[in-house]
1. Starting from 0.36 nm per residue, how many nanometres of slack lie between residue 300 and residue 75 once their C-alpha separation is accounted for?
2. Could you compute the FRET efficiency for residue 293 and residue 42, with r as their C-beta to C-beta distance and R0 at 56 Å, rounded to 0.05?
3. Along Cα→Cβ, 7 Å out, is where each label goes; now give me the distance between the ones at residue 111 and residue 345 in nm to one decimal.
4. Report, to the nearest 10°, how far helix 79-88 tilts away from the longest principal axis of the Cα atoms in the chain, using its own Cα long axis and a range of 0 to 90°.
5. If R0 is 22 Å, what FRET efficiency do you get for residue 276 and residue 200 from their C-beta distance, rounded to 0.05?
6. Among the lysines, which have Cα under 23 Å from the Cα of residue 400 when same-chain residues fewer than 8 positions away are ignored?
7. Assuming R0 = 51 Å, what is the FRET efficiency of residue 395 and residue 136, from their Cβ-Cβ distance, to the nearest 0.05?
8. If we sort 386-399, 223-236 on the protection proxy, mean other Cβ atoms within 10 Å, highest first, what's the order?
Amino acid sequence: MPGGILLKNGRVIDPVNGIDQIQDVLIAEGKISAVAQPGTISGQTAGLVYDLAGKWVVPGLIDMHVHLREPGQEYKETIATGTLAAAAGGFTAVAAMPNTKPVNDNQAVTMFILAKAAEAGFARVYPVGAISSGSNGEHLAEFGELRQAGAVAVTDDGLPVGNSQLMRRALEYASNHDLLVISHAEELSLSRSGAMNHGALATRLGLGGIPHVAEEIMVYRDLALAEFTRRPIHIAHVSTRESLALIRRAKEKGVAVTAETAPHYFTLTEMAVDGYNTLAKMNPPLRTEADVAAVREALRDGTLDAIATDHAPHDEIDKDMEFDLAANGIIGLETAVPLTLRLVREKHFDPRRMVELLSVNPARILGVEGGTLSVGVPADITVIDPEKRFVFTEEIIQSKSRNSPFLGWELQGRAVLTIMAGRITWRQEGDFR
């Protein structure tokens, strides 16, 4: 009996192999078996054949910054619902931040996350361990134990590492265990009393402001530590133009720094908060039009290496309250593709660059498989219909939570088929017979 999947007539975009043309892709035994000119692979060798004319076939998307909430906050999200949302958004792999309850600072929690992900089977999950025990910023977690259990990076994301000596030691010891250090850049003494971006709008709304320097001061410190220790560092959720200028200069000096931003930082400004819209409350906060323009330029020129969603699900009770008290964060896995495609249509960068930002570079930065459609590699593939229009409503969301400022938006471009290890994990209803 024939097995496998044949993807016909799709626009194959594989920057690693320098491919951007109409080709067929054959999947067999969980791996990519062939990539060839249309019509040269026999459909008789496949059990499923999909004609993907007008669609893009790209390496499986990798989100290197998500919050899956399990263990401890399963009322917001579980590993199963979060990875289903990932598959629906076109992601074949996600890196799970450690601010769970209990914090992922040990082997047991890491192994629990991996077991739950394998049980769900919707996407690969790469656990990220905590830098400090309990993320309390006092003592380093056991990096060797975390790496042995399957962690790929360490961070206290959600909280900065305030102690500079501890951050220095983290950079030094993490590299000994082949772990990436991810910086949550925030000076709490400047941000703690704020709820949104510092400026005229915050004043008008009577809300405490978070100044852009709260991010930039810590970006500068962590870049200085990376340069001093000669160790790599990754800066998460960059939101300000001066942070980007600092990162750009550090790269020019040869500092081993990579950086990410999230779709909301190149799509929305602080004006989304007007009217006390808690769905637009996040940390770092939404910034100004000048910051949005700087983020877009940094994605184009290579200052930013990756787009990550910072998917942060919250139950309605966490958002439906006074703005000052509402939780920070939004869901993002199911809107990342259409929001990034807006920048492609607006000519900020081309489809190849989009694939680099959402697949190639995250794989490289995390040191994990993926980011290519080379023959013989695991068949992690995302099929995107760049023209498909849809309205983002609560009814179509696969995440357990609904906290998105993009609810009601008409979006263009969508992942319509997601394949992980040769197995279909998401197929958009109505797009295939």
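1. Values: separation 225, 0.36 × 225 = 81.00 nm, distance 3.79 nm.
Full-extension gain reported as 77.2 nm.
2. Values: r = 50 Å, r/R0 = 0.89.
Here the calculated transfer efficiency is 0.65.
3. Taking the two extended label points, one gets 4.9 nm.
4. For 79-88 against the chain, the angle is about 60 degrees.
5. On the way: r = 16 Å, r/R0 = 0.72.
With a Förster radius of 22 Å, E is 0.90.
6. Once the sequence-local lysines are set aside, what remains near residue 400 is 76, 101, 116, 281, 319.
7. Working: r = 40 Å, r/R0 = 0.79.
Result of the calculation: an efficiency of 0.80.
8. Values: 386-399: 14.7, 223-236: 19.7.
Highest mean packing first, the order is 223-236, 386-399.
Any read-out appearing in this document is the output of simple, stated calculations on the displayed coordinates, not a laboratory observation. In this text, all values refer to a predicted model and were calculated from it rather than measured experimentally. Positions of Cβ are generated from backbone atoms using ideal geometry, with glycine treated the same way; all protein chains shown enter the neighbour counts.
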